[in-house]
Amino acid sequence: MERAASRREFLKIASGVAAGLGLGAVVTVKPASATPAEMQEAIRSVVGSARITPGKVTIELPPLIENGNAVPLTISVDSSMTEAEHVRAVHVFTEKNPQPYVVSFHLGPRAGRARVSTRMRLADSQNVVAICELSDGSLWSDSAAVVVTLAACLEDGI
Amino acid sequence: MASALINVPPRAKRGEIIEIKTLISHVMETGFRHTQLGAVIPRNIIRRFVCTYNGTEVFRADLYPAISANPFIVFSTVATESGTLSFQWTGDNGFAVTESAKITVE
């Protein structure tokens, strides 16, 4: 264990030295990543300060993801979707993608059924959070933990 | 040029909930990737998708870079009357595509 730690230290110092020598371009740049706190901030900036209760929303996401570039995501909300009681919006956030925002769906009573699907990118193993806004203004949430083998956003372009 | 695929049932019963699938070809460049020389590849994404049913908006989505390339969106709507469903995607660099599909409601 101690050996491994010192090896890690050495690599850290070595990469620092390399960067110092102007070889910075050779050292892989770690992609930007949001934090859970930033995600909370993003959620608040979108839905306001009202209380968020867990429940009603269901995220369907494969628990183990081979390729983070296209992850099938389905969100359904337990709602009758009538004029009196319907889903106004569904927002999706992630903890560790470079940006916490994923998508916002705006629905209404004309949707008939509160179920939407898309494909998203995941940069790391993390929690995905869905927040739903009902017509009475209440907020409901669900979260799903996923493991990503091949992360999105890491491969470089030409 | 961008091309879109839309799957809408051609006919439906009045009041039936129909599922609509849309797929559009687009790179959805995140703006977080770099070239091999270290330059940032500028963001180029679709920011908004809107579906209108005979002129009334029934579904809207705000997209961010975390949506995969070639955005695929599935949603549903109630078949209320015969007419046209219109789909509009708008995004960075003046990207704008409009497609439509006819539906007959019995």
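General observations
- Residue within the stretch B:72-81 that is under 19 Å from residue A:87 (Cβ atoms), hydroxyl-bearing (Ser, Thr, Tyr) and in contact with a Ser or Thr (Cβ under 8 Å, 6 or more places away or on another chain) present: no
- Condition check for residue B:104: away from chain A (no Cβ under 13 Å), within 15 Å of the chain's Cα centre (by Cα) and open to solvent by 30 Å² or more (accessible area, probe 1.4 Å): no
- Single residue of the stretch B:58-93 satisfying the filter (over 30 Å from residue A:95 (Cα atoms) and more than 8 Å from chain A (Cβ to nearest Cβ)) that is surrounded by the most Cβ atoms within 10 Å (Cβ to Cβ): B:79
- Residues satisfying the stated conditions in the stretch A:58-80, i.e. under 16 Å from the mean Cα position of the chain (by Cα) and under 21 Å from residue A:111 (Cα atoms): A:58, A:59, A:60, A:72, A:73, A:74, A:75
- Strands (runs of 3 or more DSSP E) contained in the stretch A:86-158 and holding at least 2 residues small (Gly, Ala, Ser) and surrounded by fewer than 18 Cβ atoms within 10 Å (Cβ to Cβ): A:139-150
- Residue satisfying all of: in the stretch B:40-57; within 9 Å of chain A (Cβ to nearest Cβ) and over 14 Å from the mean Cα position of the chain (by Cα); farthest from residue B:12 (Cα to Cα) among these: B:41
- In this structure, residue A:122 does satisfy being without any contact (Cβ under 8 Å) to a residue 60 or more places away in the chain and either under 25 Å from residue B:24 (Cβ atoms) or more than 12 Å from chain B (Cβ to nearest Cβ) (or both).
- The residues of the stretch B:18-51 that are touching a residue at least 40 places away in the same chain (Cβ under 8 Å), more than 14 Å from residue B:85 (Cβ to Cβ) and of a type outside the set (D, E, K, R), listed by number, are B:23, B:24, B:25, B:26, B:27, B:28, B:44, B:45, B:46.
The values are calculated or read from the model by the stated rules, or taken from the named source; none is laboratory data. Please read these numbers as outputs of a predicted model, since none were measured by experiment. Neighbour counts are summed over all protein chains in view; Cβ atoms, including those assigned to glycine, are modelled from backbone coordinates with ideal geometry. Protein only, heavy atoms only, side chains kept; ligands, DNA and RNA dropped before computing areas. Shrake-Rupley method; radii C 1.70, N 1.55, O 1.52, S 1.80 Å.
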